[in-house]
Each structure stands twice: as C-alpha cells, then as structure tokens.
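Let me begin by presenting the structure, written as structure tokens, before commenting on it.
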Amino acid sequence: MGFLRNLSAFFRPRTWKLGLKSLWLHPMRSALTVLGIFIGVASVIWLLAIGEGISKEAQRRIEDLGAENIIVRSIKPPDTSGGNFRQVDAFGVQRSEFEMIERTIPTVERVLPIREITQRFAYTGNPNIQPIDGRLVGCTDEYAEVTRLFVARGHFLQPIEIERAKSVCVIAANLSEKLFPSEDPLNKQIYLPEKKEYFRIIGVLHPRNATAAIGGSLAAQDFSNDIYIPITTMRQKMGDMEVKRTGGSFSAKSFELSQITIQVKSVDDVRRTAELVKATLMASNVNRQDIAVVVPYELLEQARMTRLMFMLFMGLIAAISLIVGGIGIMNIMLATVTERTREIGIRRALGGKRSDIVLQFLVETISLSVVGGIVGIIGGLFCSPTVYYAREAIKTFAPTMYASIPDDAKIMTPEIVPFSIPVAFCISVMVGVFFGLYPAYRAAQMDPIEALRHE
Amino acid sequence: MKPNIIDVPTASTQRMAAVIRDLKKHYFLKSETVRALRGVSFDVPEGDYVAIMGPSGSGKSTLLNLLGCLDRPTFGSFILGTDDVAQMNDDELSYIRASRIGFVFQSYNLIAQLSVVENIEVPLYYTGRLNAQSRQRSVELATMVGLGERLDHRPTQLSGGQQQRVAIARSLVNDPYFILADEATGNLDSVTTEEILALFQRLNDEGRTIIMVTHEDEVAAHAKRVIRLKDGQIQVDERVKDRCVFTPEQIETISANAKQKEQV
C-alpha cells in the first residue's frame, strides 16, 4: 500500500483536479461508469426505504389492533353434524366466560363483547339503491374507543342505548356513501331484509384502513361495510343461531360471541394476562379448538424481527448492485490504464513514483464512485415522490393491473432510513478504492521504458 | 542515498555533471544473455554538450535508459553529483529523475490533458515543490522558449516544434544536472530542427549540460563532443572539430522566423 506514504499528495487539490480532468477527457465513458454506481447507491436507499415503508405499514396495522389488547376470536370448528340444524353445536367464546374474565383477572381494564354476523343492508327510502352485503357488529359503547373508530357525524352507541337494547345503529363511511348518495343518513332507517328489522342511524364513522390479518382466526378486517348495533339488541332480535341459506341448503352455526377484546391496564401486563386468559378459557378443555387467542403485542415483536430480516435481505440485493457498479469501474479503469500506458511512462520518466501512479488512478476511481454516490443519494431522496407518481400512473393507465397489486403496496409510502445515506456514501467510496486498487497497481507495475515506447 | 565511494577524477578542477564508470548491462533472456553494454566509461563535465551516436544494436538506447535513470546497470557505477545511481531502488531513482534529469523525447511526450504551464510543472509536482513561485518560474520558462502567449493551450493545439519547446522548458524546470535529449529533432522538419538546435545551443551557452542521442551527423555536428558506440563499447570519444555554431545573428533570424511562422 505504497500510496499511503503519499497521503499528503492525496489531499492536494491538484491531484484531484488532475483526476477530474482526465475523466473529463471521456465524458460518455465516465458518465456510464458513474451510472453504475448511481444505480447501486440509489438502490441501497430505495430498497431500504421501501422495506421500511412496508414494515411500518405492517406495524401500524398491528398497532391499530392495540398493543395493550388481547383478542379472543371464536372459530367455527369443522362441520361434523351434517345438515341437521337442530343438532347444531354451539362454539366459541361464551358470555359466561366473558363475565368470568371481566370479574376475575385483576390486570384487566375492561372486556368488550363483540358479535359479528354477515347481513344484507338496504335502504327502502330510495328505490335505486341495491342492498349491500356487510357485517353487522353487535358491540358496546366502549368499542369505538378500543378499536379506534371515530365518529364523523352524530354519535356512537350510548350506554343507555345498550342497556335498553335500542334499535339504533352507527354505520361505516363507505356504506353511508353507497346507501345514501344524496341524502343525510342520520335518523334514516336501515332495513335488514333477512331479519326483517329496522335500525335507526345515529352516527356515521370516519373512513378507516383495514387492520392486520391475525393468525388464522381473523382475516384482515375490512371496516368499510360495517354497521354497529348494541349487542343487547342483537341478542334479543337475532339470538345465538345464525342460519344461512345458500341455494337449496341451509347451514347453521350457533355462537354466543364472535370476539372478546380484553384491554389490559398496562402493556407490561399483556403477556401475563394473556396466559391467565388462556388458562381461564382452556380450564375445561386444554385442546379447545374453537377459540384463538391473539396478542397484538407479540405480533408486534414478531413484526420487528421480520423487519430486520427484510432490511437484511434488501441490503443484500443493494450490495449486489453496488458490486456490479464496482466491477464496471474496474473494467473501465483497466481499459483506461492500457490506453494511457504512454502517459504512465511519461509520468514515471519525469519522476513519478509507483505510489504516485497508484494514487493518480485511485483518485480517478474514487472520483467516479463518489460522484456516483452523491448522484445516487439525490436519486434516493426522490424515492417517495417516484413511488407515488408511479402508483398514480398505474392507477390511471392500467386499472386492472393496479387492482391486482397487494394492498400493502397500494398504501405503502417509502420511508428513507436516515442511516442509509451515510452508509451508501461510504460504501460507494469503498467500492471506488477496492475496485480501483487492482487497475492502479497494474499501472504502477509497468516498466517505464516499455510504457514510453508504447504507441 | 549512499555516499560516493568511487573515486571521482579530481585532477580536473571542473565539476562533473555525470561520471560513468565501467557500465555494463546484460539482459537475461530465456536461452541467452544479451550483453548490451560491455563496460562504458566517460565523464560529462558541467557545461558540456555531448552527442551519443551509434548504429542500432550498438547499446545506444540501453545507455540512454541508464543515463536517464530509467534502468539500473548490471555492473558499474553512474555518479550523479555525489550519489551512485546504480545502487538505488525504484523510488529513489524516481526522485533522481524528478530532480536531476531533464528529459526531451523524440515524440515530445507531453501529457494531453494538461496545459502548457501544467506540463512544464510536472517534474516539480513529483518532488512536491509546487507553489506560486514555481508557477512563476514555469511561466518564465514558457516565455523563454517562445510560448509565453500560449500558456493555457493544450498539446494538441500546438505544432511539433512548439510541443518540443514545451518539452525543453519542462526539462529545465527542475534545474537538472543535464538535459537528456533522445532524438529530440527526429520528428521535426529541417527548419524546426534548426530552431530546436539553436535553442539547445543557447541553453548550452548559458551553461547547461546537454547529452543528446542522435543518429544524424548534421545534428551531432552541433555538439561539442561526440561519443560513438559500437557493440556495447565506446568506439570513439572525441571533440567535434568543425562544430556548427549558430552566430547570434542566425539565432535572431531563426527565432524571428519561428515567430512569424506561428502568427501565420
């Protein structure tokens, strides 16, 4: 490493001026070499930003479930009884269990009972409106707070309405738009043709993104076609049996609650409480298959691990593209060295040491890679707007293709990871040094006499 | 650098630019050993103007490479000032080239991406003596060889004669012990050759030592002394009897003509 002895020359502005001048002799060639590094550096920043965006999105969805919550879902076991609905077995979380958890576990702040059934919703006041399939959710007044629903107009279910089992409901924003395109939904009656029931609308919610899918028991929850009614009303008017008629056959299921959401007083107690909840629910049967206990807090931890893996993977891809860029530099510099054999001979004859020659070529490769690095960083900063416009362009020009894009990619916004910028820059400099060393060494080892004779 | 242990002739009071003693150079090829130089000895006093001549294969180029410190002899010594160059390593030789020898090549060998002044400065760059004063000195040298108005030109924008004058200015910038000219007029027409030879004479008159390798008798006739090589040995080493010397008037005319030519 003779050039290390020459560090003072390395920091002389003239050395760099000279290097840039030599590169400027072949602008096209230099530009293409820079492009290689540009792509490498930009892809480091891009891939990390996109990875970060996706994992942040996943994390947000999990956080929407509530880190301090424990969710118990009812799962319908595989049908064994045949079509006879007189023998339908009840499954899932029971009201008694709900009460037991609420009463016996001290770290529990509150427990929400939730019962969901699929229903068809209609508005009879406007004959042009087709009925819409959606989810009828029986819940309590605290549901809005715990699941972070926000009311845009009117109000959410009130305790008094729960207590008296009123026929009132709160509807999701999307449903409201579809059923009441030109009317004020408040105080209108929603009709459930399957149950022949009317519910008066007392509130409309803000639009809301879907939450994370949780392991097997819960598909990604889509809140767009929800109607919320008091759980007491649901029990009175609909019972525990849900009968579906598909074509000529019936299917029936019987469950008391489809979910209970347990809010724990402090996040630190979540794990312990989850154990207690499991023990309570599994007291009668350890191999109980009709419920699933989901702890978003644990999912969050998993998501963090996944994120780390993701970053590593993205980093690896980016590293490969940087190496490709580096090989580009090496290739060009080897060509340059051969082409400039004569110049090397002259410089050696005029007193240039081997280390001076090494330095000269290293300065050129470092210049190339640093320029590539800087341009790459600038390109990297354009990640978010580019992704945004690319998405908009796909949406306008290829709507079918857009529809097939996964949801994550649709709403994800890339987030530039701050450390990726200095790291990308340092790597680009290192690539310049590493891939420049061999050509520079080749140049320095030339015999000056031979080099001078070279045509 | 090692102190000189070889006896430098002291009989003469004249200082020596270079002392060559029994210089041998052998090339070891696969099947045979080529003895390119078989013991060459001579002195070059300061202010001398030597032409080295010889047919191809005579060891002329080998001697040139050794004199230029581009190569090391197999045997013998080459004393520059007080140092035996024959014993030096690559970096030391580089330093000697940068500080004590002024090269003028047949094909000018300017660096294409540098301007006239920057080309002149290259040897200083490698000895780390680049500063404002050295820049001024480079400009003075460029002016001296008649290129004061083309300081920012690139070699490709200059004629052959102009390029060779830049090369001569470059060879002077480090104040060398001697100028080593390798067929310096080989690529030039007769008018320009005269121009360059007149410049060499002027420099020699000012006290510069010049060693010139050539195969043209007319060119060698301008030197004070001719060394003829044959088969790796000195055949003749003699003073030039009827030396061609430009009179001051001739030098005037030549430089006037050169100026005129450039303006056209």
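Bear in mind that the values in this text are calculations on the coordinates, not laboratory data. Bear in mind that the values here come from a model prediction, so they are computed numbers and not experimental data. A quick note on method: Cβ atoms are made from the backbone with ideal geometry, for glycine too, and the neighbour counts reach across all protein chains shown.
Near A:Pro439: Cβ cut-off under 13 Å, other residues only, Lys/Arg at +1 and Asp/Glu at -1. The net charge is 0.
Full extension of the chain segment joining A:Gln130 with A:Ile327 gains 64.6 nm, where the gain is 0.36 nm per residue of separation less the Cα-Cα distance. Across chain B, the longest run free of exposed loop sites, meaning GluC sites (Glu not before Pro) lying outside DSSP classes H, G, I, E and B with no more than 16 other Cβ atoms within 10 Å, spans B:47-148. In this model, which of B:Lys60/B:Lys259; A:Lys76/A:Lys178; A:Lys353/B:Lys25 are farther than 26 Å apart at the alpha-carbon? Listed pairs above 26 Å: B:Lys60/B:Lys259; A:Lys76/A:Lys178.
If R0 is 56 Å, the Cβ-Cβ spacing of A:Tyr388 and B:Gln136 corresponds to a FRET efficiency of close to 0.45. On C-alpha positions alone, give me the angle between the axis of helix B:248-263 and the longest principal axis of chain B, in degrees, nearest 10. With rounding to tens, the tilt is 60 degrees.
Count Lys and Arg as plus one, Asp and Glu as minus one, and take only other residues whose Cβ is under 10 Å from that of B:Glu46; the net charge is then +1.
Counting only DSSP beta bridges with both residues in chain B, the antiparallel share comes to about 60 percent. Express in whole angstrom the spacing between the alpha-carbon centres of segment B:44-122 and segment B:231-250. What the calculation gives is 21 Å, centre to centre. Counting only DSSP beta bridges with both residues in the protein assembly as shown, what percent are antiparallel, rounded to the nearest 5? Approximately 70 percent, going by the DSSP bridge assignments. Shown is the FRET efficiency for A:Arg288 and A:Ile405, computed with R0 = 35 Å from the Cβ-Cβ distance and rounded to the nearest 0.05: 0.35. For B:Gln106, the residues whose amide H sits under 5 Å from its own are B:Asp182, ignoring neighbours fewer than 5 places away on the same chain, with H placed 1.01 Å from N. Can you grab the distance from the C-alpha centre of segment A:394-442 to the C-alpha centre of segment A:236-289, Å, no decimals? Using only Cα atoms to place each centre, the spacing works out to 45 Å. Within the same chain, lysines fewer than 8 places from A:Lys410 are excluded, and of the rest, those with a Cα less than 17 Å from its Cα are A:Lys56, A:Lys395. Helix A:420-444 and the longest principal axis of the C-alpha atoms of chain A enclose an angle of approximately 30°.
Counting only alpha carbon atoms, the long axis of helix A:13-24 and the longest principal axis of chain A meet at about 80°. Between B:Thr253 and B:Phe42, the C-beta separation translates, for a Förster distance of 51 Å, into a calculated FRET efficiency of about 0.90. Dipole size of the protein assembly as shown about its Cα centre, with +1 on Lys/Arg Cβ and -1 on Asp/Glu Cβ: approximately 780 debye, rounded to the nearest 20. Within the same chain, lysines fewer than 8 places from A:Lys166 are excluded, and of the rest, those with a Cα less than 19 Å from its Cα are A:Lys188, A:Lys195, A:Lys196, A:Lys237.
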